[in-house]
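> My structure is below; once you've seen it, I'll send some questions.
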Amino acid sequence: MQQPLSTGHGAPLQNSSTAPECHQQVPSKAPLAPTAGLYNFTYYQNNYQAPVHNVVRPSLCPTSLGAPQGPGQMHTALPLGPNLITASPQFDPAFVSTPLQVGYVPNLGHYPGQVHYSVPSQNTTQGIPPNSSNPGFSYHAMPVFSTQYNTHLTSQTIHPATRQPLVGVLPGHVKPLPETGQRPIQASFQPYPAGDAAVSWQPLSRASMTTSAGPVTNPPVTVSSPNSQTSAGVDSSSSTSSSTNASLPNNYDALEGGNYQDSTSSAATAPAASDPRPLKSSKPFGYAYPTLQPVYQNVAPPSHSVSQPTGPGYSPGPPQFTEPFSSVDQLSSNMEGLNLRNKRRTEALRQVSLLQERDILPPVPNMIPQSNLSQELKKLNCSPDLFRCTLMNIPQTQALLNKAKLPLGLLLHPFKDLTHLPVITSSTIVRCRTCRTYINPFVSFLDQRRWKCNLCYRVNDVPEEFMYNPLTRSYGEPHKRPEVQTATVEFIASSDYMLRPPQPAVYLFVFDVSHNAVESGYLNICCQSLLENFDKLPGDSRTKIGFITFDSTIHFFNLQEGLSQPQMLIVSDIEDIFLPTPDSLMVNLHESKELIKDLLKVLPTMFTNTRETHSALGPALQAAFKLMSATGGRISVFQTQLPSIGVGCLQSREDPNQRSTAKGVQHLAPATDFYKKFALDCSGQQVAVDLFLLSGQYSDMASLACMAKYSAGSVFYYPSFHHIHNPAQVEKFQKDFKRYLIRKIGFEAVMRIRCTKGLSIHTFHGNFFVRSTDLLSLANINPDSGFTVQMSIDENLVNTSIVCFQAALLYTSSKGERRIRVHTLCLPIVKSVADVYAGADVQAITCLLATMAVDRSVSSSLSDARDALVNAVVDSLSAYRSTVSNLQRSVLVAPNSLRLFALYILALLKQQAFRTGTSTRLDERIFAMCEMKTQPLVHLMLTIHPSLYRIDNLSDEGSIVVGDKTIPQPPILHLSIEKLSKEGAFLMDCGSVMYLWVGKSCSNNFISEVLGFPNYASIPQNMTHLPELNTTLSQRTNNFISWLRDNRPFLSIIYVVNDDGPMKVNFYQKLVEDRTESALSYYEFLLHIQQQISK
């Protein structure tokens, strides 16, 4: 008999209606209310209670994705976290079940204080007994999720007077709201009026995931660190320093300082912690600074705002970046910049007739639109490779954004490898006293002693130490400090930014050694790579390492210093996993170096003759958690088949006969919640899990990938891996695993995104755990992962000309340093819809829609997600058409900035994640979805829309020089068979894979000088390497391909394709502009769009 969700592992996941890595703060099953415009929300007014400790309790609002509703679905009451912003609707008590509280007790005392979590369930709410479903194994303070996606746990706020928990409402046990209007049947971004047949692909309401750049009052938290030269605490000035003594921060909000309120500021500046100053009940949720009022004085306040603060700390207006022109030359330069911006705007708004203009591809793959910022601010701005917005010009109002029918969001690549990164070691990290924004190039210096925050406009004092510039060795020029000259900086933080001493780098490898795994030959490659890169593993003298292998039993390895050889310890009781020798299984990498190397040499041969076919992955993961929970670190899991015994065992859910069905694709959601719960346990103990799936058979990626999604891990997939039969996959696995071992890594990280008042962030996408409304918990952070954020405009941005976004990533380096990497992005505010279109970043928009479509596929259906993607194009082009006068009805036009929108969406619909009618293995589809959620934009766009080049006629014309190599720059061709020629050779770059298609009549000169074969007929069918020949054409071709490969972290396999080879079908499927049996051509798709607009 299956146990309810709250009593243990292995319970089936039911009613999974929202995407796994899209964390929200509102009920995921609330019925949609009819709305009249894009991103409009219906609020259900409630009586507000005066907030305690400035906890805002807003009204309930509908979700964004429009998942189907059920009358019997209920929502679980969860405790609020400290400083948490959640919804608190009025509801019938009969529909509320108050769960017991389970203390989140830190392991070994590493986490001071106690954070309480509630345990939601579907039918009952009870704590998890230590031996309920897994006798002998107790998860420490497991933060249990409900069976519904997007229901994440939050910590608890205690009323200071009554000592009772303040309970907010999240999905689980809320009476369904009354439904008004007709049930929608069509998906799109646009909410239609009641009665219209449409379902909105609406962003989350303001109550869902609002990132508050402003504070919620906390006591000041500082730590004395007399021995540290890099202290970065909190004091009464606008900096953080270690000049005062106080207790350690006891939660992650206080750790990063996002909710800090300066206790020494005047009462007029901000209400005291005990001041239950009420907010106006008419204030909509999502206000960026829930405890601070607008700082504008002598201007009309926004229509929905609370009273304004007064006092010496606030300035009467936003920062201004205009300066008097000091000379005629400067004035002339500014006029030239203005003319250039006008030319770019005119070009971006040039009307493009999509049905008539065919050659619309940009000259380079990654075209970035220009904003209306001045040249001075553009030079200071954050690199678009790190921080990118879907709209380079931010609409002044939500109504203007609604009119443009374009999504607003951010794409981040916060830990990207950088060749130039200013690292600042200082005892003073200057931050705003109110919103805790780090000082950046977009603040204003009122004089040498005062600076104005560019997010909340608070005037702060300049600390004395900040007056000295270490670069110029001058005093009195704080505006020339490196923190104010670079939008991306990294600070060396002090112990004030720690909950415990920095952890060492700890690595645990969990290997599948069943018969199927041994046959694949992957273990030999892993061990050999570990031996070759042993000394390159990131870490210091404290680095630890351990190994676990498993089949139907669990094998541990004693590598304690002093042993003559490694000892293998076998635990056969997988129902009650224990550690046979807990102190000798994770060992110091340097002290036990020889024993570790001995083990890696013999490990591939230890299981050569095994006949064990079962896989006890679940028990192996439980053992790994017990090993790692005391320190945190990284677990690397290698799996080659479906887990078959023990907890977490899975059954095959794929029907091979349904792979090419055009009907609804099933089983996109996990089959069990075991792996999700395991990941949450790991995240709570600062452990990330990375999954390597090397399987030619169905392995239920949808379930297994949860261990990486919720622990900030990564997923790697190598279908049909075999060390003999698939040499291309072997090479890719070797290169990828080497990169994985030696790449930079950050431990016990958290990331917070702040934004200018009036904007709010409501939905995050990626692999992480949301610890509070705006704080992402990242047990590990790696340089190859990206994140996506959806945003909304809560207030009219009428009193400022720019907005800013700041992402702060706090992490522990592999060397044990606590560091803060800060990225700041500045964008202009515009008043016209034309300027909004002029700044539309079509690639960023496409990537944001791709992540939203993944969530929609899991929460609703694949067909619903596909319809929403099509309707996104229809809505935006229809909205643009309404702004253009004197257009014929039969003309389909788009602004030049959006000319590729329809093409990219069509390519997305034909991608593995969303295509129908084409045979697609379920694991491959799920992996493609995982990639869309985590890949940075530049790599994801190549996956969606590959780049096609003709390379048989490469020349030095237009080439670039990189180092000592000349790199040809052939033009990008449309992905159509019309662009192919049987006399030529064409390279298609798809990111993780490349195809070199050779025409039947291609010149023998190219074949011999580049491929090394005399003619077309002699080219082998499985060729995956290009030889480096001593010919000019070979050097040009190899230089070009190497240049493409060097710009990405993992190896791109190259397949030479001819008409008789096995890769021909894969190559032709990537020609997205051509018609297939199950999909429209690009021209037919445009006709369909035009037909929908004309309705």
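> So, in the range 836-878, of the ones that are over 21 Å from the mean Cα position of the chain (by Cα) and acidic (Asp, Glu), which residue ends up most open to solvent (accessible area, probe 1.4 Å)?
Here the answer is Asp867.
> Output yes when any residue across the range 870-888 is of a type outside the set (A, V, I, L, M) and under 30 Å from His667 (Cβ atoms), and no when none is.
Yes, there is a match, as at least one residue in the range 870-888 is of a type outside the set (A, V, I, L, M) and under 30 Å from His667 (Cβ atoms).
> For the range 728-746, how many residues meet the condition of being charged (D, E, K, R), touching a strand residue (DSSP E or B) at 6+ places or on another chain (Cβ under 9 Å) and part of a helix (DSSP H, G or I)?
3
> Would you call Leu922 of a type in the set (A, V, I, L, M, F, W, C), touching a Phe, Trp or Tyr at 6+ places or on another chain (Cβ under 9 Å), under 30 Å from Phe787 (Cα atoms) and touching a residue at least 40 places away in the same chain (Cβ under 8 Å)?
Details: of a type in the set (A, V, I, L, M, F, W, C): yes; touching a Phe, Trp or Tyr at 6+ places or on another chain (Cβ under 9 Å): yes; under 30 Å from Phe787 (Cα atoms): yes; touching a residue at least 40 places away in the same chain (Cβ under 8 Å): yes.
For Leu922, the condition - of a type in the set (A, V, I, L, M, F, W, C), touching a Phe, Trp or Tyr at 6+ places or on another chain (Cβ under 9 Å), under 30 Å from Phe787 (Cα atoms) and touching a residue at least 40 places away in the same chain (Cβ under 8 Å) - is met.
> Output yes when any residue across the range 505-512 is open to solvent by 60 Å² or more (accessible area, probe 1.4 Å), of a type outside the set (S, T, N, Q) and part of a loop (DSSP other than H, G, I, E, B), and no when none is.
Just the residues of the range 505-512 that are open to solvent by 60 Å² or more (accessible area, probe 1.4 Å), to begin with: none.
There is no residue in the range 505-512 that is open to solvent by 60 Å² or more (accessible area, probe 1.4 Å), of a type outside the set (S, T, N, Q) and part of a loop (DSSP other than H, G, I, E, B).
> Within the range 565-585, how many residues turn out to be polar (S, T, N, Q), within 17 Å of Met606 (Cβ to Cβ) and part of a loop (DSSP other than H, G, I, E, B)? Full working, then the answer.
The first filter runs over the range 565-585 and keeps only residues polar (S, T, N, Q), leaving 565, 567, 572, 581, 584.
Filter once more, keeping what is within 17 Å of Met606 (Cβ to Cβ): 565, 567, 572.
With the extra rule that they be part of a loop (DSSP other than H, G, I, E, B), the set shrinks to 565, 572.
Residues meeting the conditions: 2.
> What is the residue count in the range 896-935 for residues that are under 30 Å from Arg345 (Cβ atoms) and either in contact with a Lys or Arg (Cβ under 7 Å, 6 or more places away or on another chain) or assigned to a helix (DSSP H, G or I) (or both)?
Qualifying residue count, the range 896-935: 11.
> Let me ask something else. Could you tell me whether any residue of the range 413-431 is surrounded by fewer than 18 Cβ atoms within 10 Å (Cβ to Cβ), basic (Lys, Arg) and closer than 30 Å to Pro463 by Cβ? Let's see the steps before the verdict.
Here is the first cut: in the range 413-431, the ones surrounded by fewer than 18 Cβ atoms within 10 Å (Cβ to Cβ) are 417-423, 425.
This time we only want the ones that are basic (Lys, Arg), so: none.
Checked the range 413-431: no residue is surrounded by fewer than 18 Cβ atoms within 10 Å (Cβ to Cβ), basic (Lys, Arg) and closer than 30 Å to Pro463 by Cβ.
> I would also like to ask the following. Inspect all residues belonging to the range 475-497 and state whether any of them is among the hydroxyl-bearing types (Ser, Thr, Tyr) and assigned to a helix (DSSP H, G or I). Before you say what the answer is, go through the steps one by one.
Looking only at the range 475-497, we keep the residues that are among the hydroxyl-bearing types (Ser, Thr, Tyr), and these are 475, 486, 488, 494-495, 497.
Retained after the next criterion (residues that are assigned to a helix (DSSP H, G or I)): 495, 497.
So far as the range 475-497 goes, yes, one or more of its residues are among the hydroxyl-bearing types (Ser, Thr, Tyr) and assigned to a helix (DSSP H, G or I).
> Still on this structure, I have one more. If you go through the range 597-633, how many residues are open to solvent by 10 Å² or more (accessible area, probe 1.4 Å) and not in a helix (DSSP H, G or I)?
Selection size over the range 597-633: 10.
> Still on this model: Can you pull out every residue in the range 1044-1080 that is in a helix (DSSP H, G or I), open to solvent by 10 Å² or more (accessible area, probe 1.4 Å) and either more than 27 Å from Ile742 (Cβ to Cβ) or in contact with a Pro (Cβ under 9 Å, 6 or more places away or on another chain) (or both)?
If the condition is that a residue be in a helix (DSSP H, G or I), open to solvent by 10 Å² or more (accessible area, probe 1.4 Å) and either more than 27 Å from Ile742 (Cβ to Cβ) or in contact with a Pro (Cβ under 9 Å, 6 or more places away or on another chain) (or both), then Lys1064, Val1065, Asn1066, Tyr1068, Gln1069 are the ones that fit.
> Filtering the range 539-560 down to residues that are in a loop (DSSP other than H, G, I, E, B) and closer than 16 Å to Ile596 by Cβ, which residue is nearest to the chain's Cα centre (by Cα)?
Taking the candidates together, the pick is Gly539.
> Sticking with this one: Determine whether the range 639-655 contains at least one residue that is open to solvent by less than 10 Å² (accessible area, probe 1.4 Å), touching a residue at least 60 places away in the same chain (Cβ under 8 Å) and not in a loop (DSSP other than H, G, I, E, B).
yes
> Also, I was wondering about something else. When you check Phe787 against the structure, is it within 19 Å of Leu508 (Cα to Cα), at pLDDT 95 or above and buried (at least 20 other Cβ atoms within 10 Å of the Cβ), yes or no?
no
> Could you please find all residues in the range 443-483 being closer than 26 Å to His420 by Cβ, charged (D, E, K, R) and open to solvent by less than 20 Å² (accessible area, probe 1.4 Å)?
Arg481, Glu483
> Against the definition (under 21 Å from Lys403 (Cα atoms), over 19 Å from the mean Cα position of the chain (by Cα), open to solvent by 10 Å² or more (accessible area, probe 1.4 Å) and of a type outside the set (A, V, I, L, M)), how does Arg899 come out, yes or no?
yes
> Something else about it: Among the residues that make up the range 1016-1024, is at least one of them in a loop (DSSP other than H, G, I, E, B), touching a residue at least 60 places away in the same chain (Cβ under 8 Å) and within 30 Å of Pro936 (Cα to Cα)?
So far as the range 1016-1024 goes, yes, one or more of its residues are in a loop (DSSP other than H, G, I, E, B), touching a residue at least 60 places away in the same chain (Cβ under 8 Å) and within 30 Å of Pro936 (Cα to Cα).
> Within the range 700-727, how many residues turn out to be buried (at least 18 other Cβ atoms within 10 Å of the Cβ), outside any loop (DSSP other than H, G, I, E, B) and either modelled with pLDDT under 95 or among the aliphatic types (A, V, I, L, M) (or both)?
The qualifying residues number 6.
> Do we find that Val833 is among the β-branched types (Val, Ile, Thr) and surrounded by fewer than 24 Cβ atoms within 10 Å (Cβ to Cβ) in this structure? Give the derivation first.
Numbers: among the β-branched types (Val, Ile, Thr): yes; surrounded by fewer than 24 Cβ atoms within 10 Å (Cβ to Cβ): yes.
Criteria met by Val833.
> Any chance the range 521-528 includes a residue that's aromatic (Phe, Trp, Tyr), open to solvent by less than 50 Å² (accessible area, probe 1.4 Å) and not in a strand (DSSP E or B)?
Residues of the range 521-528 that are aromatic (Phe, Trp, Tyr), as a first pass: 522.
From the residues that got through so far, the ones that are open to solvent by less than 50 Å² (accessible area, probe 1.4 Å) too are 522.
Cutting the leftovers down to not in a strand (DSSP E or B) gives us 522.
Yes, some residue in the range 521-528 is aromatic (Phe, Trp, Tyr), open to solvent by less than 50 Å² (accessible area, probe 1.4 Å) and not in a strand (DSSP E or B).
> Oh, and also: Could you run through the range 997-1009 and say how many residues are farther than 22 Å from Thr1076 by Cβ and under 40 Å from the mean Cα position of the chain (by Cα)?
Counting residues in the range 997-1009 that are farther than 22 Å from Thr1076 by Cβ and under 40 Å from the mean Cα position of the chain (by Cα) gives 1.
> Restricting attention to the range 552-559, does a residue exist that is open to solvent by 10 Å² or more (accessible area, probe 1.4 Å) and modelled with pLDDT under 95?
no
> Any residue in the range 366-380 that is closer than 13 Å to Asp841 by Cβ and in contact with an Asp or Glu (Cβ under 8 Å, 6 or more places away or on another chain)?
yes
> Suppose we filter the range 797-854 for residues that are part of a strand (DSSP E or B) and over 26 Å from Cys453 (Cα atoms); how many remain?
3
> Mind listing whichever residues of the range 665-699 are in contact with a Cys (Cβ under 6 Å, 6 or more places away or on another chain) and in a loop (DSSP other than H, G, I, E, B)?
Within the range 665-699, Pro670 is the sole residue that qualifies.
> Moving on to the next point. Scan the range 1036-1055 and tell me whether some residue there is more than 28 Å from Thr419 (Cβ to Cβ) and not charged (D, E, K, R).
Within the range 1036-1055, one or more residues are more than 28 Å from Thr419 (Cβ to Cβ) and not charged (D, E, K, R).
> Quick test of your reading of the structure: Met568 fulfils all but one of (1) open to solvent by less than 60 Å² (accessible area, probe 1.4 Å); (2) farther than 28 Å from Tyr718 by Cα; (3) not polar (S, T, N, Q). Name the failing condition by number.
The failed condition is (1).
> Of all residues in the range 733-745, which are open to solvent by 10 Å² or more (accessible area, probe 1.4 Å), closer than 30 Å to Arg821 by Cβ and not hydrophobic (A, V, I, L, M, F, W, C)?
Lys735, Lys738, Arg739, Arg743, Lys744
> Evaluate the following for Pro384: is it within 18 Å of Arg821 (Cβ to Cβ), without any contact (Cβ under 8 Å) to a residue 40 or more places away in the chain, touching a Leu at 6+ places or on another chain (Cβ under 9 Å) and crowded, with 18+ Cβ neighbours inside 10 Å?
Against the criterion (within 18 Å of Arg821 (Cβ to Cβ), without any contact (Cβ under 8 Å) to a residue 40 or more places away in the chain, touching a Leu at 6+ places or on another chain (Cβ under 9 Å) and crowded, with 18+ Cβ neighbours inside 10 Å), Pro384 qualifies.
> Please pick out the residue among Leu987, Leu996, Leu975, Leu948 that is surrounded by 17 or more Cβ atoms within 10 Å (Cβ to Cβ), outside any strand (DSSP E or B) and not small (Gly, Ala, Ser). Even if it seems obvious, please write down each step before you answer.
Values: Leu987 fails: outside any strand (DSSP E or B); Leu996 fails: outside any strand (DSSP E or B); Leu948 fails: outside any strand (DSSP E or B).
One residue alone meets the criteria, Leu975.
The values are calculated or read from the model by the stated rules, or taken from the named source; none is laboratory data. Note that the structure is a prediction, hence the values are computed from the model and not measured. Here Cβ is always computed from backbone atoms with ideal geometry, including for glycine, and neighbour counts include all displayed protein chains. Please note that ligands, DNA and RNA were not included when accessible areas were found on the heavy atoms of the full protein model with its side chains. Shrake-Rupley method; radii C 1.70, N 1.55, O 1.52, S 1.80 Å.
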